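Accompanying notes for the structure given below.
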Amino acid sequence: MNKGLTLQSVCIMRDGAPLIEVDQHIAPGDVLTVMGPSGVGKSTLLAFITGTLPPVFRGMGGIALDGVDITKSPPHKRQVGILFQDDLLFPHMSVGANLAFGMPPGGSKVQRRAAVDAALVDVDLAGYANRDPATLSGGQKARVALVRMLLSDPRALLLDEPFSRLDAELRAQVRALVFRVARERALPVLMVTHDLEDATAADGTVIELESLSRT
């Protein structure tokens, strides 16, 4: 079994023209950074991997996770977690309820609450389960979003410029946390970003994309 995330001759097409092409393997705990100008298709690549590619695009090639082809699997069965620029926390739910929402079904209420509390301890947010997300700082919201994604038990992690809205100091802290957790959990990571500092901090392979389409 080839552990990690494999993008095998992936090509995203729009209006019959190639938009982006990637052929890479990301080993567990490694980070592949994809850089390029706006409109080159970085986020579209992530959508293809998660199974949420808009119908205006056509995806070709294969996606394998730990040696299993997930190219045609429904999104909820791919076990691929993703973090976006926005934390996407539900404002009407407490921090704990937000985290429980991302967990797979099963287990008693006590077990699920214990898992939430333990996860918050891991990111230095012990005792925050009953907090209103509106009372959190930007860095705290980013950590809660990370924890919610991890509680869904992903086997790969996608990063869609999730640090871009944080100030420089928080950006460095949250970025270091995400990469540390990914290494500890042996998650292959694919990050798209405009920021060279993100790529440098990832300390992995970097590919720079240029639009393949001439239209």
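Within the range 108-120, residues that are free of Cβ contacts under 8 Å to residues at least 60 places away in the same chain and surrounded by fewer than 12 Cβ atoms within 10 Å (Cβ to Cβ) reach no partner that is basic (Lys, Arg) and not in a helix (DSSP H, G or I) with beta carbons closer than 8 Å at six or more positions or on different chains. If only residues of the range 122-135 that are at pLDDT 90 or above and in a helix (DSSP H, G or I) are counted, the one that is farthest from residue 82 (Cα to Cα) is 135.
When residue 53 is tested against (1) surrounded by fewer than 18 Cβ atoms within 10 Å (Cβ to Cβ); (2) outside the structural domain of residue 40 (by TED's automatic domain parsing), just one condition goes unmet, and that condition is (2). Being modelled with pLDDT under 95 and more than 16 Å from the chain's Cα centre (by Cα) holds for only one residue in 166, 150, and it is 166. Within the range 101-128, being closer than 21 Å to residue 178 by Cβ and either aliphatic (A, V, I, L, M) or in the same structural domain as residue 175 (by TED's automatic domain parsing) (or both) holds for 103, 115, 116, 118, 119, 120, 121, 123, 125, 126.
Regarding residue 187, is this residue more than 12 Å from the chain's Cα centre (by Cα), open to solvent by less than 30 Å² (accessible area, probe 1.4 Å) and not assigned by TED's automatic domain parsing to the domain that holds residue 95? For residue 187, the condition - more than 12 Å from the chain's Cα centre (by Cα), open to solvent by less than 30 Å² (accessible area, probe 1.4 Å) and not assigned by TED's automatic domain parsing to the domain that holds residue 95 - is not met. Selection of the range 68-104 for residues being more than 25 Å from residue 127 (Cβ to Cβ) and open to solvent by less than 50 Å² (accessible area, probe 1.4 Å) yields 70, 71, 73, 78, 80, 82. Evaluation of residue 202 against the conditions (1) buried (at least 18 other Cβ atoms within 10 Å of the Cβ); (2) at pLDDT below 90 shows that the sole unmet condition is (2). Reported count of residues in the range 102-119, each being within 18 Å of the chain's Cα centre (by Cα) and either closer than 15 Å to residue 130 by Cβ or of a type in the set (S, T, N, Q) (or both), is 1.
Among the residues making up the range 143-171, those that are crowded, with 21+ Cβ neighbours inside 10 Å and more than 22 Å from residue 76 (Cα to Cα) are 143, 163, 171. The residues listed here are 34, 22, 10; of these, the one that is farther than 25 Å from residue 175 by Cα, in the same structural domain as residue 170 (by TED's automatic domain parsing), open to solvent by less than 30 Å² (accessible area, probe 1.4 Å) and assigned to a strand (DSSP E or B) is 10.
The test for being part of a loop (DSSP other than H, G, I, E, B), modelled with pLDDT of 90 or more and of a type in the set (Gly, Ala, Ser) holds for residue 186.
The values are calculated or read from the model by the stated rules, or taken from the named source; none is laboratory data. Keep in mind that this is a model prediction, so the values were computed, not measured. Here Cβ is always computed from backbone atoms with ideal geometry, including for glycine, and neighbour counts include all displayed protein chains. Please note that ligands, DNA and RNA were not included when accessible areas were found on the heavy atoms of the full protein model with its side chains. Shrake-Rupley method; radii C 1.70, N 1.55, O 1.52, S 1.80 Å.
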